[in-house]
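Heads up: the structure comes next, in structure tokens.
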Amino acid sequence: MVSESSMTTMNEMMNREIGVKIKKLRQSQSMTLKETATKAQVSESFLSQVERGKTSPSLATFLRIASALGKPLGHFFEGSAPPGKIVKASLYPHLEHPDGWEDYIVSPPSATTLHIVHSVIPPGSGSGHELYVHDAEEEIVYLLEGSLEVFADGEAHPLDVGDTLVINPRQPHGFANNSASVTRVLWIMGKGAY
């Protein structure tokens, strides 16, 4: 079991890594802190704190920051899958979110219409209080392990192993693992959505 102080240290490291990537990208585009913050609909001080690793953005805010910088969220994933039809599990591009959950892009780069993300969500973690949107025609949630509550269409949808749910990703939605065990879920959506 990971101690609370070790988990805090890991979260701080993830915050710094994400913040450094955001700052480097912003500076490479010659964008000011104010300009980027305005486009992302956050305050300059908040964006500065994110860039310095002092705080972590919710998924909704992270998506807005990425959009303000003209990049999909997938741009911030570590690693890249080789071209072709097969991606070995050890080569999945991944993103460790500051509050402890991880996303892996499992669809091969050659996939033309579908994009699949495998999320591993520890107990008590989720997308945050702010609902988010992203650009895809539709999204299917398929629960592999654990349980998950998905918030969409103004409702909470509790999911158990094997359950699926279709949502409109252009409408506000979010999720939370309110259980005592790890949750694994596949998000299947139109290409370019992440």
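Exposure check, 1.4 Å probe, all protein chains in place: Lys39 carries approximately 120 Å² of accessible surface.
Think of each Lys and Arg Cβ as +1 and each Asp and Glu Cβ as -1; about the Cα centre, that makes the dipole of the chain roughly 980 debye. Just to confirm the number: angle between the C-alpha axis of helix 4-28 and the first principal axis of the chain, 0 to 90 degrees, nearest 10? Approximately 60 degrees, to the nearest 10.
In percent, rounded to a whole number, the relative contact order of the stretch 59-178 is 21, using alpha-carbon pairs under 8 Å and six or more apart.
Please calculate the 1.4 Å probe accessible area of Phe175, with all protein chains present, and give it to the nearest 10 Å². So the heavy atoms of Phe175 present about 10 Å² to solvent. Given a 1.4 Å probe and the protein chains as shown, Val161 ends up with an accessible area of around 90 Å².
Averaging over all projection directions, the Cα-based convex hull of the stretch 125-194 occupies 4.2 nm² in the image plane. Within the same chain, aspartates and glutamates fewer than 8 places from Lys34 are excluded, and of the rest, those with a Cα less than 20 Å from its Cα are Glu44, Glu51.
A P(r) calculated from all alpha carbon pairs of the chain, with 10 Å bins opening at zero, reads 9, 35, 37, 18, 1 percent. For the cross-link pairs Lys24/Lys71; Lys21/Lys85; Lys21/Lys88; Lys23/Lys88, the ones whose C-alpha atoms lie over 19 Å apart are Lys21/Lys85; Lys21/Lys88; Lys23/Lys88. Label sites at Thr112 and Glu44, each approximated as a point 7 angstrom past Cα along Cα to Cβ, lie 4.7 nm apart.
Accessible area per residue (1.4 Å probe, heavy atoms of protein chains only) ranks Arg170, Arg64, Arg26, Arg184 as Arg170, Arg184, Arg64, Arg26, with the largest value leading.
What's the angle, to the nearest 10 degrees (0 to 90), between helix 59-68's Cα axis and the longest principal axis of the chain? Computed tilt is about 50 degrees. Per residue, the solvent-accessible area of the stretch 80-183 (1.4 Å probe, heavy atoms of protein chains only, all protein chains present) comes to 51 Å².
The values are calculated or read from the model by the stated rules, or taken from the named source; none is laboratory data. Please read these numbers as outputs of a predicted model, since none were measured by experiment. Cβ coordinates were reconstructed from backbone atoms using ideal geometry, including for glycine residues, and neighbour counts include every protein chain displayed. These area figures cover heavy atoms from the full protein model, side chains too; ligands, DNA and RNA do not enter into them. Shrake-Rupley method; radii C 1.70, N 1.55, O 1.52, S 1.80 Å.
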